Amino acid sequence: MTTPPFAPVTERELTVLRAQLGRPARGVVGIAARCVCGNPTVVATSPRLDDGTPFPTFYYLTHPAATAAMSRLEADHVMPELAALLDEPDIRAAYDAAHRAYLRDRAVYGEVDEIAGISAGGMPTRVKCLHALGGHALAAGPGVNPIGDAALARSEWSPSRCVCDEPGAAVEAEAP
């Protein structure tokens, strides 16, 4: 888990991201979470893309197995079940705090009026996108985003087990 500011992204990391996404990654300001092999799992994305488009999803889940796992949970209609957790005052308060933390992290890279106060995934009042919430949970670490944590716990994917097509491809080889 890493919070801003992030180390500059390397060409190796961008190459892995391109393979993960099937397209070039846009607006990457850092790698916010990694697979145990070192490959990116979550990128941090500029709140305004190079073409001027506002982009509220600061923490963007890129790992194919992780995104597939979140898609399966959404297809299995887990979102209403997770949304029901917001009826618990402690969970609602933690989710609101996660929303504020997300906004603080993104603000390090600039404020964008068009997305002011908007985080991702439905925070702080709804559960809208498990990809965004899981990405935030992976970037921020356990205990920050309770809904993202719950989604990750329900998924068959684990950040502690590498299932990358090319394990360690983003990591620079150590000099002898």
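Please work out the Cα convex hull volume for the chain and give it in Å³ per residue.
Once divided by residue count, the hull of the chain is 113 Å³.
Tell me, F58, F6 in order of fewest to most beta-carbon neighbours within 10 Å?
If I rank by nearby Cβ atoms, fewest first, I get F6, F58.
Do any trypsin sites (Lys or Arg not before Pro) in segment 58-151 lie in a DSSP loop with no more than 10 other beta carbon atoms within 10 Å, and if so, which?
Filter output for segment 58-151: empty list.
Just report the Cα centroid separation between segment 72-130 and segment 1-45, whole Å.
One Cα centre to the other: 22 Å.
Using θ = phi - 60° and the Karplus curve 6.51 cos²θ - 1.76 cosθ + 1.60, what whole-Hz ³J(HN,Hα) does each residue of segment 33-48 get, with Gly and Pro shown as x?
8, 10, 5, 4, 7, x, 5, x, 10, 9, 9, 9, 10, 3, x, 9
Choose one answer from L17, L133, L85: the residue with the largest mean-square fluctuation in a GNM of the chain with alpha-carbon springs under 10 Å.
Top of the fluctuation ranking is L85.
Using the crude model of +1 on Lys and Arg Cβ and -1 on Asp and Glu Cβ, and no other charge, please compute the dipole size for segment 11-154 relative to its Cα centre, in debye to 20.
360 debye
Read-outs: derived from the displayed coordinates by stated rules, not from any lab. These numbers come from a predicted model, not from an experiment. Glycine gets a Cβ as well: all are built from the backbone with ideal geometry, and neighbour counts include every protein chain shown.
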